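The values are calculated or read from the model by the stated rules, or taken from the named source; none is laboratory data. Note that the structure is predicted; figures quoted are calculated from it, not measured. Neighbour counts are summed over all protein chains in view; Cβ atoms, including those assigned to glycine, are modelled from backbone coordinates with ideal geometry.
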């Protein structure tokens, strides 16, 4: 989906790291809608296999004793047993039970009623889903208050992506008043990913849900294309691996992991200094810089940059952690230092025929 304002004014630049309450509620709303549509029924099905030697229940056994009467004095089936709401006073604004109790004969996909045949999925076992979510120390969207911080919410998004699937109606079971469901996992994940990423974009957030289900941090626009297209063919598999690891960590959503990307990149720099033949590292790096530029003044700039970046790696908490080292405090500083070192390394790799 593309909104008119995005077409006319352009999308917000991805600069915000903290998810706003509006964006948080939007993502929780997407998850609630998926739960209500039984999109998690494939991994948390209701019903399970029928119990051995269990007779088909009588209609009276699946009628609620307390449900309001419908039709000719009949009572609606129990579609799902909702746990007690510890926040009854806020039930009006946080009605966790509303979507769980569908009327008999409803055309909604996947009622929460057990199928007496026991041979098909008819909905989601919400109790099991809730217990697993809480078991993973994630926020259950119907708890009140449900105000996860940025990282708790991103964890929940990743969990939901792995479990979601698009429900598709099969045959109508007239006795149980429900459809038998089948599921399309790739389609459900694609739709979920698209909606979540739309919220991220509309709020200018630096996150993106990738097609592997991982949350990635978007790189600054000036660096994004270079990171995405860079190929590392240095002839040294260990160096290639170090550069790949630095790139992956830099795009991680965790600030601590992003700081680790600097250590990986600076270690790769030290190894890159030795890829050219020479009697020592100084001679090897000189040959590498010679290949980068034959113009004297630009060659001097590259040598000065290489010297300064080596000094930064030794004086900041990048490769060393002694008390006299300067810490890297902000994500913007990580962006700046990574961009600066990556630009030099990429130039040297490209000019020496080693990818980049």
Check region 180-195 and report whether any residue there is modelled with pLDDT of 90 or more, within 26 Å of residue 259 (Cα to Cα), within 14 Å of the chain's Cα centre (by Cα) and crowded, with 18+ Cβ neighbours inside 10 Å.
no
Note on region 230-244: residues assigned to a helix (DSSP H, G or I) and surrounded by 17 or more Cβ atoms within 10 Å (Cβ to Cβ) are 239, 240, 242, 243
Given the conditions (1) assigned to a helix (DSSP H, G or I); (2) under 30 Å from residue 210 (Cβ atoms); (3) free of Cβ contacts under 8 Å to residues at least 24 places away in the same chain, every one holds for residue 285 apart from (2)
Given (1) assigned to a loop (DSSP other than H, G, I, E, B); (2) over 19 Å from residue 220 (Cβ atoms); (3) in contact (Cβ under 8 Å) with a residue 24 or more places away in the chain, index of the condition residue 349 fails:
(1)
Would you be able to tell me the number of residues in region 161-179 that are free of Cβ contacts under 8 Å to residues at least 60 places away in the same chain and either over 19 Å from residue 43 (Cβ atoms) or under 21 Å from the mean Cα position of the chain (by Cα) (or both)?
7
